[in-house]
1. Evaluate E = 1/(1 + (r/R0)^6) for Leu193 and Glu280, where r is the Cβ-Cβ distance and R0 equals 25 Å; express this FRET efficiency to the nearest 0.05.
2. Expressed as a whole percentage, what fraction of the accessible surface of region 34-82 belongs to carbon and sulfur atoms when a 1.4 Å probe is rolled over the protein heavy atoms?
3. Could you tell me how many degrees, from 0 to 90 and to the nearest 10, lie between the Cα long axis of helix 82-91 and the main elongation axis, the longest principal axis, of the Cα atoms of the chain?
4. Just to verify a number: what accessible area does His84 come out at with the full protein assembly present, 1.4 Å probe, Å² rounded to tens?
5. What value does region 146-256 have for Rg/Rh, both radii from Cα atoms and Rh as Kirkwood defines it?
6. Quick one: grab Rg to one decimal and Dmax as a whole number for region 109-204, Cα atoms only, in Å.
7. So which chymotrypsin sites (Phe, Trp or Tyr not before Pro) in region 7-102 end up in coil per DSSP with only 13 or fewer other C-beta atoms within 10 Å?
8. Using the Kirkwood radius over C-alpha pairs as Rh, can you work out the diffusion coefficient of the chain via Stokes-Einstein at 10 °C, viscosity 1.306 mPa s, in µm² per second?
Amino acid sequence: MLGNTLVTIQTGDAGKQVNRLYVTDGVDIDKEFYLALTLNRTTGRVMMVVSTEGGMDIEAVAHDTPEKIQSIDIDQATGFMPHHGRAVAAALKLTGDLAKQAANTASKLYDAFMGTDAEQIEINPLAVTNDGKLMVLDAKVAFDGNALFRHKDLLELRDETEEDPAELEASKYDLAYIKLDGDIGCMVNGAGLAMATMDIIKLNGMFPANFLDVGGGANKEKVTAAFKIILADPNVKGILVNIFGGIMKCDIIADGIVAAAKEVNLSVPLVVRLEGTNVEKGKEILANSGLAIVPANDLGDAAKKIVAEVQKVAA
């Protein structure tokens, strides 16, 4: 496996090169289970997801036999209680000593979930061995990036070779960036606005090349970095900037856009929609920049204009 490319549902078709192997003793398995902890976004509580169908693709189990998956909510105010342990054991159909082991394992996993500010801990499989022991054989753990300042030990585990180079570069500037397969680069402030921007680009017949949220504190350095990251994608045929200025003033963003466009020697169409605090000052800066920046009045207008500009260049 070492040095080869592993292709799974999680990696996508491109796959991931295997750079590290974790080797452990072989285990004689009698039965495999599934146990995960995540956040129930409906109730706001920690949720344990339990299934007797371990060692399998849990998405397939959920699709084909959803009755074999049970969920158990845990109120963080009271924490993990004995009845939660009994519920996990019952869901796994374990009795006697194995039921006690299941309750103990679930309790420790809950403590690990809370203690590390995890977003997910997935154990697949949780296995019963031939000699009657319950063992965690494989784990996938995801941590809340916003809480990592509290966990220096977890930061040391980061393997940058496993990350997309563009997303890694974006993280250095505190930019939320995800590469997509389209041809319209997007630079937006606010995740919700970014999602709406991507949707309306698709509604107008083209596809977004990325999700990029510059956040509420963008400056010239951040905007320039965002432009460079977007333009590093050879598929990008145009860029749509969609900014709603609240705390972040439109004139400051406009200055950043102009400076960044000049620095990166922008060579693709650029449409900018500004709204909010100091919007008129921002529009004036863009208009007097001497750059071929196409202004837009609203989100619908912006999407139509960037699609038209890209199609004009292609023609």
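1. Rounded to the nearest 0.05, the efficiency is 0.80.
2. That fraction is 52 percent.
3. With both axes taken from Cα atoms, the answer is about 90 degrees.
4. Accessible area, nearest 10 Å²: 10 Å².
5. Ratio value, two decimals: 1.00.
6. Calculated on Cα positions, Rg and Dmax stand at 18.8, 62 Å.
7. Tyr22
8. 70 µm²/s
The values are calculated or read from the model by the stated rules, or taken from the named source; none is laboratory data. Here the structure is a predicted model, which means the values were calculated and not measured. Reconstructed Cβ throughout: ideal geometry from the backbone, glycine too, with neighbour counts over all protein chains shown. Side chains included, ligands, DNA and RNA excluded: accessible areas come from the protein's heavy atoms. Shrake-Rupley method; radii C 1.70, N 1.55, O 1.52, S 1.80 Å.
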